[in-house]
1. Rounded to whole Hz and in sequence order, give me ³J(HN,Hα) for the stretch 288-295 from the Karplus expression 6.51 cos²θ - 1.76 cosθ + 1.60, θ = phi - 60°, writing x for Gly and Pro.
2. Using θ = phi - 60° and the Karplus curve 6.51 cos²θ - 1.76 cosθ + 1.60, what whole-Hz ³J(HN,Hα) does each residue of the stretch 589-596 get, with Gly and Pro shown as x?
3. Could you report the accessible area of Leu315 in Å², rounded to 10, computed with a 1.4 Å probe on the protein chains as they sit in the structure?
4. Once amide H atoms are built 1.01 Å from N in the peptide plane, which residues 5 or more positions from Phe475, or in another chain, come under 5 Å H to H?
5. Within the stretch 159-282, what is the number of lysine pairs with alpha carbons under 25 Å apart, leaving out pairs fewer than eight places apart on the same chain?
6. Describe numerically, in nm with one decimal, the distance between label points set 7 Å from Cα along Cα→Cβ at Val197 and at Lys105.
7. Taking θ = phi - 60°, what integer Hz values does the Karplus form 6.51 cos²θ - 1.76 cosθ + 1.60 yield along the stretch 106-122, in sequence order, with x for Gly and Pro?
8. I'd like the trypsin sites (Lys or Arg not before Pro) in the stretch 518-599 restricted to DSSP loop residues with at most 12 other Cβ atoms within 10 Å, sorted by number.
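The values are calculated or read from the model by the stated rules, or taken from the named source; none is laboratory data. Bear in mind that the values here come from a model prediction, so they are computed numbers and not experimental data. Heads up, the Cβs are rebuilt from the backbone with ideal geometry, glycines too, and the neighbour counts pull from every protein chain shown. Heavy atoms of the whole protein, side chains included, go into the accessibility calculation; ligands, DNA and RNA do not. Shrake-Rupley method; radii C 1.70, N 1.55, O 1.52, S 1.80 Å.
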Amino acid sequence: MESAGTEPESCPPAQEPTGSPALPAEEPERSEAAPEPQQAAEGVPSPAPVAQGRRPSGPGSKGQAKRGGAGKGGWGKRGSTRRAGEEGGRPARRAHVTVDSSKAKTSLEALKISLRQLRWREFPFGRRLPCDIYWHGVSFHDNDIFSGQVNKFPGMTEMVRKITLSRAVRTMQDLFPEEYNFYPRSWILPEEFPLFVAEVRMMKESDPPWKPTFIVKPDGGCQGDGIYLIKDPSDIRLAGNLQSRPAVVQEYISKPLLIDKLKFDIRLYVLLKSLEPLEIYIAKDGLSRFCTEPYQEPTLKNLHQVFMHLTNYSLNIHSGNFIHSDNVNTGSKRTFSSVLYRLSSKGVDIKKLWSDIISLVIKTVIALTPELKVYYQSDIPAGKPGPTCFQLSPGVFENVPSPVDEEIKVAVIRDTLRLMDPYKKKKKDNQSQLSENASDTKDELLEPGSTDQLEHDISKNPEASLPSLCLKQVFPKYAKQFSYLRLVDRMAALFIRFLGVKGTMKLGPTGFRTFIRNCKLSNSNFSMASVDILYIDITRRWNSMGLDQRESGMCLQAFIEAFFCLAQRRYKSLPLHEQVASLIDFCEYHLAILDEKRLVCSRGITERRAALVTCQPDGLHLTAATHAPLLNRMTAANKLTDYRNHRS
């Protein structure tokens, strides 16, 4: 990579790359949305509504409510369908996927094109009966939905705000400072303004040549609204703005990489397919948005030149230098692959670059998922009807689509829908049968007449004519490399367990005391009175920050702070992430024993009770013959606990 702040020397002019750099090469894998072996006949009834009241098995899980048939519709030709169903003895039937696009807003045009390519049924004005998929433009709460799938997670709008994101990443930086050093130093205003002033003064005193620039971003801003640059903390606009519109201030990268002497950004699309289990996909191509004035390092004279420093399309579109281009490799908005082509021509290791991008994406999502799970259980409590969720981010697309927008965004939306196809499970069953015979049929396709067969397959299913998926799975594919970072996820699971009332997002004092008691965290040196003091101090401080005041109690971030305090108290000699991991293990162990005890005692089978378990006030007694696996697990856990206690 070129040194920061310089344009790659003599970069060749943009050309149509014969093989645009993409994600690192890997073993071929079967697409989740591969062509199905059969297709519906014309006039086949469209699916009836999803049975209301069905609850998914978990956050963003892929469970789908049962469906029946009613109504009209269908695509395909009778002849080809009959031929496709001859082997099975009856015509194949494939119901339409129904999509409610009434709340799609700015992504509507790209969505419509995608649905036409998939030949799915769109309901642009909504539908009285439930649809399979609801495509919202802004928020999960755009509509009240009790079944199907929604392209928004509850809480995602809040989590991607500047302050919430900064807090989530800061927690991960406390645990894993090296892994999260990609996020710039940040201060939250107005609450950390005195800290910001003090730290900048201290850094300047220790390093006199240091002449920083800072960028101020309003918490809820978008499309460049309200962003400005400063050289000193005294330049922050304090006059009433920060109280009504809090912000994040970050150290500005004053020497960015340039192309054509212009600053640019990278806009990559990430699909969060499921929270539990966590599934992440990343688009193989994206967009790069360019400034419209040649870049210069920030000075007092050019700080306010937004066309030089800010890459937002919504700002630069108003510049006289903005270049509208039908070529995806030139202009003020280009494909990311064209940028990679320019960089690869200068010797940049594109495979290493992609690896770093994937790592950054996974780490950022891991930072966001704990609080997303809290929001999810609040909006869709277990046992109550609700939709499953997925989300493509960035989710709000700009208006005035260009050829570049269409090439990238239509493919991303279309392939997101292909991955979320509610009939995918049925297709997988058919595909597994096809894959068993794949080696036998491969040779046959090379024989005379194989071209006719291929054309016949395409006529059966429109997906057969679509390109391969533009979305690549990166998690759980690379879970082994990143699972150790998911400590906050495990803390969130403890937090949710003790919330008590379904639908709440804050832990009350009784819930916190129950957590301490069930996890055996109180002792002679840490009484329940001390527990109450810890709860009150931390909760009061977080509530004073002006966060959500709709309900009282301890939010997840406050619980994490309290958990850190408990871990540091119990495991003093270890690094913070090891302290936290040890305390999580300790809590999970005691809760597993408690759950096992409740399970065994609830069976109430008198004739087996003596052989299985005796529930006595002094604890749980198991026999080796009947509960060897549990005893082995308990023994291992005891050894682990004794070892950690010995180290502490």
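1. Coupling constants for the stretch 288-295: 10, 9, 10, 5, 10, 10, x, 7 Hz.
2. Those phi angles translate into 4, 5, 6, 5, 5, 4, 5, 5 Hz.
3. 40 Å²
4. Ile280
5. 21
6. Between Val197 and Lys105, the label points sit 3.8 nm apart.
7. Per residue, the Karplus-derived 3J(HN,Hα) values read 5, 8, 4, 5, 5, 5, 4, 4, 4, 5, 5, 5, 7, 6, 8, 8, 9 Hz.
8. Details: sites: Lys520, Arg540, Arg541, Arg550, Arg569, Arg570, Lys572, Lys597, Arg598; in loops: Lys520, Arg550, Lys572.
Passing sites in the stretch 518-599 are Arg550, Lys572.
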